[in-house]
Amino acid sequence: MVSLAVRVGGINLENPAILASGILDENGYTMKRVLEEGAGAVVTKSIGVDERNGYYPPVVVEGNSYLINAMGLPNPGIENYGEEIKIASNGRKPIIGSIFASGVDDFLRLGTSMEDFGVSAVELNLSCPHVRGFGSEVGSDPVLVRDIVKTLKGSLKIPVWSKLSPNVSSILDIAEAAVESDALVLINTVRAMAIDAETRMPVLSNAYGGMSGEAIKPVGLRCVYEVKKELNVDIIGVGGISNYTDALEYIMAGASSFQIGTAVIKSGRGVFKKITEDLEVYMNNNSIERLSQLVGVAIR
């Protein structure tokens with residue numbers, strides 16, 4: 001009997017397909033809808049201590065195999081987000097609270113609030129590539145990453161996930177600093193830009209953004225493989241997953257579950273159900289009862 005149920009990062013999922021942060025997660029109703037249409041869990045948009053408006057348009061560039069965004073971490077602030085978690089919880093599946101900050105104290109404050117709101121785990125955004133003072137600027141400092149993870153692990157009762165950046169000289173060094181996390185989320189977007197040849201100017205108002213979509217899958221796979229090969233830690237793969245074979249590649253590289261983001265924009269909410277159904281077919285055809293049998297099989 002095939003089962004897609006997995007335990008990853010300290011929580012149980014009925015299936016391994018998770019909505020990535022930043023897509024259809026601004027409010028509780030859209031998160032609840034995604035859960036109802038097949039996702040095993042959802043990650044909220046990244047929430048900070050204070051409200052942020054984000055950058056002025058244009059904030060998105062779309063290509064055939066990629067999306068570049070520089071939203072600027074717009075969010076209502078942690079004090080205004082509890083009601084959204086409450087609404088999303090009606091989907092009766094895990095909600096992962098994504099948080100961003102510049103230092104240990106603010107991460108702890110945000111994590112504590114998310115725990116009070118009732119999330120199943122927190123995801124530390126240590127990897128946003130386009131907002132100064134946050135994200136990858138924090139996540140590229142191994143000492144700071146270690147302090148943040150250690151503090152939250154020692155203070156929260158819920159699991160702590162760390163979302164890491166590929167925009168560093170060594171993903172393994174940062175992963176080792178965050179290894180006390182219940183799970184590592186690999187990867188966030190790749191720092192990128194686009195230029196308009198007619199205006200001779202960067203397309204994005206911020207000039208730089210984060211690239212997601214099919215084009216970054218080889219980078220994500222390499223990071224998952226590299227980390228899993230050296231560290232005994234749960235990994236959630238993310239980056240360019242749009243079908244079941246993409247998901248399988250991440251699992252075989254060492255991920256226990258996976259997140260889907262840009263594919264939701266391109267294919268709609270039905271992508272979760274499509275990928276999980278196709279995974280079941282693959283498992284039946286190959287006499288595989290549980291996905292855990294495939295985790296890391298490609299590592300040599």
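Within region 22-40, residues that are over 14 Å from residue 84 (Cα atoms) reach partners that are polar (S, T, N, Q) and in a loop (DSSP other than H, G, I, E, B) with beta carbons closer than 6 Å, at six or more positions or on different chains, in the pairs 40/15.
Tell me which residues, restricted to region 86-115, are basic (Lys, Arg) and not in a helix (DSSP H, G or I). So that I can check it myself, show each step before the final result.
Residues of region 86-115 that are basic (Lys, Arg), as a first pass: 86, 92-93, 109.
Those that are basic (Lys, Arg) and not in a helix (DSSP H, G or I): 92, 93.
In the set 43, 59, only one residue is within 24 Å of residue 4 (Cα to Cα) and out of contact with any helix residue (DSSP H, G or I) (no Cβ under 8 Å at 6 or more places or on another chain); that residue is 43.
In region 282-300, the qualifying residues are those that are assigned to a helix (DSSP H, G or I) and in contact (Cβ under 8 Å) with a residue 12 or more places away in the chain, and the one that is farthest from the chain's Cα centre (by Cα) is 284.
Among the residues of region 185-206, what is the count of those that are in contact (Cβ under 8 Å) with a residue 24 or more places away in the chain, farther than 16 Å from residue 257 by Cα and out of contact with any Ser or Thr (no Cβ under 7 Å at 6 or more places or on another chain)? If you could, list the steps in order and put the result at the bottom.
Kept after step one, since they are in contact (Cβ under 8 Å) with a residue 24 or more places away in the chain, are these residues of region 185-206: 185-194, 203-206.
From what's left, farther than 16 Å from residue 257 by Cα: 189-194, 203-206.
Okay, now just the ones that are also out of contact with any Ser or Thr (no Cβ under 7 Å at 6 or more places or on another chain), so 190-194, 203-206.
Qualifying residue count for the region: 9.
Restricting region 1-23 to residues that are under 22 Å from residue 287 (Cβ atoms) and β-branched (Val, Ile, Thr), the residue that is surrounded by the most Cβ atoms within 10 Å (Cβ to Cβ) is 6. Within region 189-244, the set of residues being under 16 Å from residue 171 (Cβ atoms), hydroxyl-bearing (Ser, Thr, Tyr) and touching a strand residue (DSSP E or B) at 6+ places or on another chain (Cβ under 9 Å) comprises 189 only.
Residues in region 87-117 that are within 19 Å of residue 49 (Cβ to Cβ) and touching a Ser or Thr at 6+ places or on another chain (Cβ under 6 Å): 97, 98, 100, 104, 108.
For the subset of region 241-267 comprising residues that are part of a helix (DSSP H, G or I) and closer than 16 Å to residue 22 by Cβ, which member is nearest to the chain's Cα centre (by Cα)? Show your work before the answer.
Applying the first criterion (part of a helix (DSSP H, G or I)) to region 241-267 yields 244-253, 262-267.
Cutting the leftovers down to closer than 16 Å to residue 22 by Cβ gives us 262-266.
Values: 262: 11, 263: 13, 264: 13, 265: 15, 266: 18 Å.
Restricting to residues being part of a helix (DSSP H, G or I) and closer than 16 Å to residue 22 by Cβ, the top hit is 262.
Of all residue pairs spaced 6 or more apart or on separate chains, those with beta-carbon atoms under 8 Å, a first member in region 47-63 that is more than 26 Å from residue 215 (Cα to Cα) and a second member that is surrounded by 13 or more Cβ atoms within 10 Å (Cβ to Cβ) and of a type in the set (Asp, Glu) are 48/106; 49/106. Residue 207 falls short on exactly one of the conditions (1) closer than 23 Å to residue 58 by Cβ; (2) within 14 Å of the chain's Cα centre (by Cα); (3) small (Gly, Ala, Ser), and that condition is (2). Scanning region 230-240 for residues being within 17 Å of the chain's Cα centre (by Cα) and either among the basic types (Lys, Arg) or not in a loop (DSSP other than H, G, I, E, B) (or both) gives a total of 4.
Run down 227, 119, 179 and say which single residue is in a helix (DSSP H, G or I), within 28 Å of residue 108 (Cβ to Cβ) and modelled with pLDDT of 95 or more.
Details: 119 fails: in a helix (DSSP H, G or I); 179 fails: in a helix (DSSP H, G or I).
Exactly one of 227, 119, 179 is in a helix (DSSP H, G or I), within 28 Å of residue 108 (Cβ to Cβ) and modelled with pLDDT of 95 or more, namely 227.
If you go through region 39-58 and keep only what is out of contact with any Ser or Thr (no Cβ under 7 Å at 6 or more places or on another chain), part of a strand (DSSP E or B) and within 19 Å of residue 70 (Cα to Cα), you end up with just 52.
The values are calculated or read from the model by the stated rules, or taken from the named source; none is laboratory data. Note that this is a predicted model, so its numbers are computed, not measured. Ideal geometry is used to build each Cβ from the backbone, glycine not excepted, and the neighbour counts take in all protein chains shown.
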